[in-house]
Amino acid sequence: MAIIDLVKYDGPARIFAWKFPSESLSNWTQLIVNESQEAVLFKGGQALDVFGPGRYTLDTNNIPILTAFLKLPFGGQSPFAAEVWYVNKLHSLDIKWGTPSPVQTKDPEYNIMVPIRANGQFGIQVENSSKFLIKLVGTVPTFDQDSVTRYFRGMYITKIKDALASYLVKRKISILEINAYLEELSDHMLEKAGPTFLEYGIKLLNFYVNDVSVPEDDPAVQTLKKALAKKAEMNIVGYNYQTERSFDTLEGAAKNPGGGAGLMGAGIGLGMGVGVGNAFGQQFGGMAQNLQTPTDLVTCPNCNSKAPADNKFCPQCGKPLPTPGKASVVKCHKCGSVIPVGSKFCPECGNSYNPCPKCGADLPTGTKTCTSCGFNLPNPCPFCGTPLDRNDLKFCPTCGKSLANICKSCGHTNPVAAKFCLNCGAKI
């Protein structure tokens, strides 16, 4: 076998550890270590020395421990057998991870078992080359990114399952809301898994949870989502589950061919007489009173959300709301084409629909008074654009910015939209 007198490695960044293929080295062998690399010299499974970036000559001046270990006369080109390992010290930030199967977890808010999946990525760097080679690499000639994922999969999957379950229970977060806490969950995972990686000479730089999802076809998930959708519908319309069940009972009794006997079957016996009838009438009257809504609901033409009709502005987007009972169509102020209510843009010219909050007429941007009904439009907040229905507000109710328009001449506080002082007439 030829005696090697030059040792170097210029492999890809995905390789964490690479063993030089030959063990027959000569005294005065040139060892070249590139930036972001370290070279470790082994003999008989024992790490003799670690070399950082640079060019080295393997002699007694650089590795005196080699002389004592090999007992070689370093006076000439004496050959010796040793292993040279190169370790990549680059930051590897794109190692993917994911749960191979759903993790059964109890939702702390609704107390049901729901399967969840999670995925993300993490970044590592080899911090202790000798420990990394001795504990993890062993005798394989190459150790790459896939090898790291394969070796640590069992560890981080176990850590992830434990961390997800404990985080949800301790923080009392519903599984359907967990994606709002991904940053905190990522920090929690980094704290849990970091010490295990350090035992193998690897520093865990970051650990990201990119997504936590539930299978849409799971029966428990479907039941939970249907219940939440029904609850949202009840909150919008203004009734509760008991009221809905009362209506179901009355509807079933009304469909009974026995007429009055059907009502008796619903819970009113013939022997109970007029007193029970009065009690039932009072209960039905109270139920009807609970079902009465103070206002009708209107649809915001900007974001399509529902809002009480007596509101002037949409609570979701802050845009003016149309008044109930107005015409179902309006005309575009730019081209005169008909715009159906609920549309955001003119179907002919594409102009943005800017409705009057009182009559729904389309108004040009910046209009102060409606040209159709004469309604005075509120001034918008100069910082966030929220319409302000009062001129005496000192702070915006949406963004909290100060609305005080103080005259520098006399110190008088003016409305936010005033261009001249109302007290001294000076320009603001």
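The values are calculated or read from the model by the stated rules, or taken from the named source; none is laboratory data. Remember, predicted model here, so these are calculated numbers, not experimental data. All Cβ positions, glycine included, derive from the backbone under ideal geometry; neighbour counts span all protein chains shown.
A few remarks follow.
- Test: TRP97 is buried (at least 17 other Cβ atoms within 10 Å of the Cβ) and either at pLDDT 85 or above or in a strand (DSSP E or B) (or both): yes
- Which listed residue is modelled with pLDDT under 80 and in contact with an Asp or Glu (Cβ under 8 Å, 6 or more places away or on another chain), from MET234, MET155: MET234
- For segment 396-410, a residue qualifies if it is part of a strand (DSSP E or B) and closer than 11 Å to PRO382 by Cα, and exactly one does: SER402.
- Each residue in segment 117-148 was checked for being among the hydroxyl-bearing types (Ser, Thr, Tyr) and modelled with pLDDT under 80, and 1 pass.
- Search result, residues across segment 1-60 that are at pLDDT 80 or above, farther than 25 Å from SER92 by Cα and aromatic (Phe, Trp, Tyr): PHE42, TYR56
- If you go through segment 111-157 and keep only what is touching a helix residue (DSSP H, G or I) at 6+ places or on another chain (Cβ under 6 Å) and not hydrophobic (A, V, I, L, M, F, W, C), you end up with just TYR156.
- Residues of segment 192-234 that are of a type in the set (D, E, K, R) and in contact with a helix residue (DSSP H, G or I) (Cβ under 9 Å, 6 or more places away or on another chain): LYS192, GLU199, LYS203, ASP211, GLU216, LYS225, LYS230, LYS231.
- Scanning segment 330-378 for residues that are part of a strand (DSSP E or B) and within 35 Å of the chain's Cα centre (by Cα) gives PHE345, SER352, PRO355.
- Criterion applied to CYS373, CYS356, CYS349, CYS335 was being in the same structural domain as LYS306 (by TED's automatic domain parsing) and surrounded by 16 or more Cβ atoms within 10 Å (Cβ to Cβ), and the one residue passing it is CYS356.
- Residue selection: LEU136 fails the criterion of being surrounded by 14 or more Cβ atoms within 10 Å (Cβ to Cβ), within 29 Å of GLN222 (Cα to Cα) and among the aliphatic types (A, V, I, L, M).
- Long-range neighbours under 7 Å by Cβ, at least six apart or interchain, first residue closer than 15 Å to ILE178 by Cβ within segment 98-111, second in a loop (DSSP other than H, G, I, E, B) and among the small types (Gly, Ala, Ser): ASP107/SER174; GLU109/SER174; TYR110/SER174
- Count of segment 200-235 residues which are more than 23 Å from the chain's Cα centre (by Cα) and either over 25 Å from LYS159 (Cβ atoms) or exposed (fewer than 12 other Cβ atoms within 10 Å of the Cβ) (or both): 8
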